[in-house]
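We did not get these values from a lab; they are worked out from the coordinates using the rules stated. This one's a predicted model, so the numbers in the text were calculated from it and none came from an experiment. Cβ atoms come from the backbone with ideal geometry, glycine included; neighbour counts cover every protein chain shown.
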Amino acid sequence: MPITPARDDVFMVVDLQYDFLPGGNLAVAGGDEIIPLVNRLGRLFDNVILTQDWHPADHVSFASNHPGATPFEMITLPYGPQVLWPDHCIQGSRGAELHDGLELPQAQLVLRKGYQETVDSYSGFQEADRRTRTGLEGYLRERQLRRLFLAGLATDFCVAWTALDARAAGFETYVVADATRPIDTHGSLAKAWADMEAAGVRRIAAADLA
Ligand code: VGL
Ligand code: ZN
């Protein structure tokens, strides 16, 4: 039985920005392949929201801001472990723009995250300090949206953290696996799927939606 999106369901498209696509500063392999699928899925939903990674140039997650560090190294920050990344999604830069090929004209919210210099934010719901809220939960509740369907980049970071926080907030949460692509560093992909499964996130394929 296909899953048919209802009026109170929402399709959430995570970080489909140039820096995460081939040619970008933190390119996710095959990231561009999901765009046609995301566009097709988007047409099934009345409600679409987008997230946009949005960092200041001096962001704590950039290896370039830690003398001697190299990208993909792990460090410990006051709020816990942090992967250091190449500079990416700098506010106002081309790499931070949403991909032009996205055809989601009905999208209702673009939620920017990771804008605080000292805290990363993979999740659309809360920052990596695990306490600063973005307002997304309140937005979804005020609009009485019920089930979340997630696609975008990257499976094991922004998609997974958003899905886990959606579950923690009590939303029925689906990840459309083939409409995502992973970074996979330090075992992040296997851990992300294990954590999502344990939290009750449902893993589906685009073909399950109609
Ligand atoms: C992401 C690493 C750093 C993501 C964002 O969108 O998954 N990954 N910033
Ligand atoms: Zn980022």
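Observations
- By average C-beta atoms within 10 angstrom, highest first, the peptides 90-103, 172-185: 172-185, 90-103
- Computed helical MRE - 222 nm, the chain, DSSP H runs ≥ 4 contributing -39500 (n - 2.57), nearest 500: -5000 deg cm²/dmol
- Estimated vicinal HN-Hα couplings, Hz - the range 201-208 in sequence order (Karplus 6.51, -1.76, 1.60; Gly, Pro = x): 6, 8, 9, 10, 10, 4, 5, 7
- Rounded to the nearest 20 debye, dipole of the range 143-182 from Cβ charges on Lys, Arg, Asp, Glu: 180
- Ranked packing of 120-132, 31-43, 195-207, most packed first, by mean Cβ within 10 Å: 120-132, 31-43, 195-207
- In the range 1-155, the alpha-carbon atoms span a convex hull of 124 Å³ per residue.
- Under the convention that each Lys and Arg Cβ holds +1 and each Asp and Glu Cβ holds -1, the size of the dipole of the chain around its Cα centre is about 600 debye.
- Projecting the Cα positions of Val13, Ala29, Pro67 onto the charge dipole of the range 1-112 (unit charges on Cβ atoms of Lys, Arg, Asp and Glu, taken about the Cα centre) puts Val13 furthest along the positive direction.
- Gap separating the Cα centres of the range 1-51 and the range 136-210, nearest whole Å: 12
- Charges were assigned to the Cβ only: +1 to each Lys and Arg, -1 to each Asp and Glu. The resulting dipole of the range 104-210 about its Cα centre is roughly 320 debye.
- Compared with the dominant Cα axis of the chain, that is its longest principal axis, helix 188-199 is turned about 40°.
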